[in-house]
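To start, the structure itself, in structure tokens.
Bear in mind these aren't lab numbers, they're just calculated from the coordinates by the rules spelled out. As the structure is a prediction and not an experimental result, all values here were calculated from the model. Note that we place each Cβ from the backbone using ideal geometry, even for glycine, and neighbour counts take in every protein chain shown.
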Amino acid sequence: MLQQRLLDIAIAEFGAKGLEGASTRGIAKAAGTAMSSITYHYGGKEGLYLAAADHIAGQIGDHMAPALRDGGVTADMTADDARAAIHQILARFIDTMGTHKSSAFSLFVVREQMEPTEAFDRIYGGLMGKMLETMVQLVCIATGRRDAFASEVAVVTLMGQVVTLRASRATVLKLLRRKDLDAEALSALAARIGANTDAILDRMIAERQELP
């Protein structure tokens, strides 16, 4: 399908060179089509860039949706239920970050993290934002703390453990002396992240109990 080829090539081009450096002529040529196809389907370079962001948001959403559906906040959720849901979402996120092979996706997202544009709002406005907001609510329930800011800070650290599997992939592989994150490495990383998660939640509970 032409539009799929255009998006795949555009994500790689934009990820490597950014919006300004990417060439729509080169993207069209690599996709085996005319420049007019980009204008017809996306209105131009900026439209193609935003469509690439939407595609990435959709891919992340498709992979994370089951965990959010099963681990969503409910009215009768207990602290143990919330903790289990946090682990479930993180496990799914580990699978997404650890096994996804597209470095182009990562480069695109990292560029938007460093210098956000409207494309970042498209990515965050998809399931990513919902996932983070859900995690904040789950941390509040799991720890019994209604301090949203404290829970947001915790979520930054919880998710950061996993994001490094993509954002710092070369460093992770170098340190672990591997060419790729194989099943053994992912299992060990997942176990450590799970233990770290419990330690963070337990510390937050202790801090709540220490409050006057």
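So what's the angle, to the nearest 10 degrees on a 0 to 90 scale, between helix 183-210 and the longest Cα principal axis of the chain?
Approximately 50 degrees, to the nearest 10.
How many Lys pairs in the chain lie less than 20 angstrom apart by Cα atoms, where the lysines are 8 or more positions apart or on different chains?
Number of lysine pairs found: 6.
By average Cβ neighbour count within 10 Å, what is the ranking of 203-209, 83-89, 116-122 from highest down?
83-89, 116-122, 203-209
In sequence order, what are the phi-derived ³J(HN,Hα) couplings for the stretch 64-70 according to the Karplus relation 6.51 cos²θ - 1.76 cosθ + 1.60 with θ = phi - 60°, rounded to whole Hz, with x for glycine and proline?
Couplings: 8, 3, x, 5, 6, 5, 7 Hz.
Give the relative contact order (percent, whole number) for the chain; include only Cα pairs under 8 Å separated by 6+ residues.
So the answer I get is 22 percent.
How far apart, in nm, are two points set 7 Å out from the Cα along the Cα-to-Cβ line at Ala183 and at Arg169?
Distance between the two pseudo-spin positions: 2.1 nm.
If I fit a long axis through the Cα atoms of helix 103-114 and take the longest principal axis of the Cα atoms of the chain, what angle between them do I get, 0 to 90°, rounded to 10?
70
Calculate, for Asp147 and Arg69, the FRET efficiency according to 1/(1 + (r/R0)^6) with r their C-beta to C-beta distance and R0 30 Å; round to the nearest 0.05.
After rounding, the FRET efficiency stands at 0.65.
Could you tell me the extents of the stretch 21-74's C-alpha atoms along the three principal axes, largest first, rounded to whole Å?
So the extents along the principal axes, rounded to whole Å, are 50, 21, 18.
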